[in-house]
Amino acid sequence: MEYFKDIKKINYEGSKSNNPLAFKFYNPDEVILGKTMKEHLKFSMAYWHTFTYFGGDQFGGASKSHHWDNQDPIKNAENRVYAAFEFMEKMQINYFCFHDVDIAPRGETLEETNKNLDRIAAIIKSEMSRTGIKCLWGTTNAFGDAKFVHGASTSCNSTVFAYTAAQIKKAMDITMELGGENYVFWGGREGYETLLNTDTEMELDHLAMLLKMAAEYKKKIGFKGTLLIEPKPKEPTKHQYDFDAATVMGFLRKYGLEKDYKLNIEANHATLAQHTFMHELNMCRINGMLGSVDANMGDPLLGWDTDRFPTNVYDTTLAMYEILQNGGLGTGGLNFDSKVRRASIDEKDLFYAHIAGMDTFAWGLKAAAKLIEDGVFKDFIENKYRSWKSELGLKIEKGEIDFEGLEKYALENGVTPNESGRQEMLESILNQYIYNC
Ligand code: XUL
Ligand code: CO
């Protein structure tokens, strides 16, 4: 059965095309810096936003439905697999990501839930081998259900910790069974509202304990994928423990987990933490911990996680600039953790949205590659820091001079004049590269 009858495969038609159901910039086989666009841009469909989100918000319920979704929950889950793979094939998206609860309905018991998961995973596996589409990552929803009201691994209730571990174990098993290239931890309820009722020290120790057990279980079952933590500063809790990249890396180092985990950076989570997307990618890159990306964007006028599809070329250029300097994302990719707006009620909107996101990243990739090829910012930065190549600079860096020596130097030589940082000139050059790529 065909689920999206009105839509044919989306193809590249070039920037002059007026066809809204065509790529303008994403040309999968075009070679950029020695690799094809589809190798650089491992796009992934997020099962939850594209197939199990129906437009609900704090003020109203569903605004849309999928025509294949009106039978019993297991049948709906089966139909969803076929619809999702048809969607990805038509979109030329080669990866998907999922939470356990996205693919199969919860049962009355954990056992029944696990049975449902096995049943649907088997269908997903056969669709994967039919199409060649792969699993970028799996994850666990340990935040939606009422049992997580006080947290999952950070709950005051140890039986909830046990249940969380059981759920993660099963989701890791399924991710491995599907050949997943990564496994993600986003702690939706791992945070707190008030210190009046919270033992933060104990909660953080427990969070680390769970992550340690997960890393051990990964080794035990021989899962080859990368374990990733996804930082987010707030929402749903006021203080999420995994606030931003720097916080997560400090936490991992405190508990000796820095070799076992990398980070999954989400654009909208970066801006919620009052950082740019580029800043978060950069912090991970310089620490060798950039794992994967949740591709979306926030809204500068709204203070929450809007998960809009990325359409800002400026941001994707700077993100791709970091990703290229990182030598790519390794096992990671670009997962559209993005949803269409509540009023975008047609199934066709899912295609327009992904086309917009893919084209925006393709354009960003092209501009970033040109910036790197021409060494624009690299040359400027090298020159800006050239005083560190002087005798004094080298002595400081090598630890060959102390406070007394530095005082003597300052007394004898004073300070050389500073030069302009040239920010506006560089921003203008950046615009020129984005426009001309
Ligand atoms: C929530 C979020 C999640 C994670 C996976 O803000 O980004 O969808 O990516 O649980
Ligand atoms: Co995300």
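Only the coordinates and a few stated rules stand behind these numbers; no lab work does. Just so it is clear, the structure is predicted and the values come from calculations on it, not from any experiment. Positions of Cβ are generated from backbone atoms using ideal geometry, with glycine treated the same way; all protein chains shown enter the neighbour counts.
Annotations
- Flag if Arg80 is away from ligand 2 (no atom under 16 Å from the Cβ), within 20 Å of Phe185 (Cα to Cα) and either surrounded by 15 or more Cβ atoms within 10 Å (Cβ to Cβ) or without any contact (Cβ under 8 Å) to a residue 24 or more places away in the chain (or both): no
- With respect to the conditions (1) part of a helix (DSSP H, G or I); (2) surrounded by 19 or more Cβ atoms within 10 Å (Cβ to Cβ), Asp242 lacks only one, and its number is (1).
- In the stretch 127-164, of all residues being surrounded by 19 or more Cβ atoms within 10 Å (Cβ to Cβ) and among the small types (Gly, Ala, Ser), the one that is farthest from His206 (Cα to Cα) corresponds to Gly138.
- Within the stretch 276-288, tally of residues that are crowded, with 17+ Cβ neighbours inside 10 Å and either among the hydrophobic types (A, V, I, L, M, F, W, C) or out of contact with any His (no Cβ under 9 Å at 6 or more places or on another chain) (or both): 8
- One residue from Lys212, Lys224 being away from ligand 1 (no atom under 16 Å from the Cβ), outside any helix (DSSP H, G or I) and more than 29 Å from Gly303 (Cβ to Cβ): Lys224
- For the stretch 301-324, a residue qualifies if it is surrounded by fewer than 17 Cβ atoms within 10 Å (Cβ to Cβ) and part of a helix (DSSP H, G or I), and exactly one does: Tyr314.
- Looking across the stretch 392-429, the residues that are part of a helix (DSSP H, G or I) and surrounded by fewer than 10 Cβ atoms within 10 Å (Cβ to Cβ) come down to Phe403, Glu404, Leu411, Glu412, Asn413, Gln423, Glu424.
- Of all residues making up the stretch 43-63, the number that are buried (at least 17 other Cβ atoms within 10 Å of the Cβ) and away from ligand 2 (no atom under 16 Å from the Cβ): 1
- Residues satisfying the stated conditions in the stretch 252-300, i.e. small (Gly, Ala, Ser) and either assigned to a strand (DSSP E or B) or more than 16 Å from ligand 1 (Cβ to nearest atom) (or both): Gly256, Gly288, Gly291, Ser292
- Among the residues making up the stretch 183-206, those that are within 17 Å of Leu227 (Cα to Cα) and out of contact with any helix residue (DSSP H, G or I) (no Cβ under 8 Å at 6 or more places or on another chain) are Val184, Trp186.
- Test: residue in the stretch 289-297 that is surrounded by 20 or more Cβ atoms within 10 Å (Cβ to Cβ) and of a type in the set (Ser, Thr, Tyr): yes
- Verdict on Asn76 being more than 26 Å from the chain's Cα centre (by Cα), polar (S, T, N, Q), more than 25 Å from Asn182 (Cβ to Cβ) and not in a loop (DSSP other than H, G, I, E, B): yes
- Check on Ala171, touching a strand residue (DSSP E or B) at 6+ places or on another chain (Cβ under 6 Å), closer than 22 Å to Thr109 by Cα, among the small types (Gly, Ala, Ser) and in contact (Cβ under 8 Å) with a residue 24 or more places away in the chain: yes
- Screening Glu2, Glu13 for residues that are out of contact with any Ser or Thr (no Cβ under 7 Å at 6 or more places or on another chain), on the phi < 0 side of the Ramachandran plot and exposed (fewer than 14 other Cβ atoms within 10 Å of the Cβ) leaves exactly one candidate, Glu2.
- Residue count, the stretch 190-206 (criterion: surrounded by fewer than 23 Cβ atoms within 10 Å (Cβ to Cβ) and closer than 27 Å to Gly333 by Cα): 0
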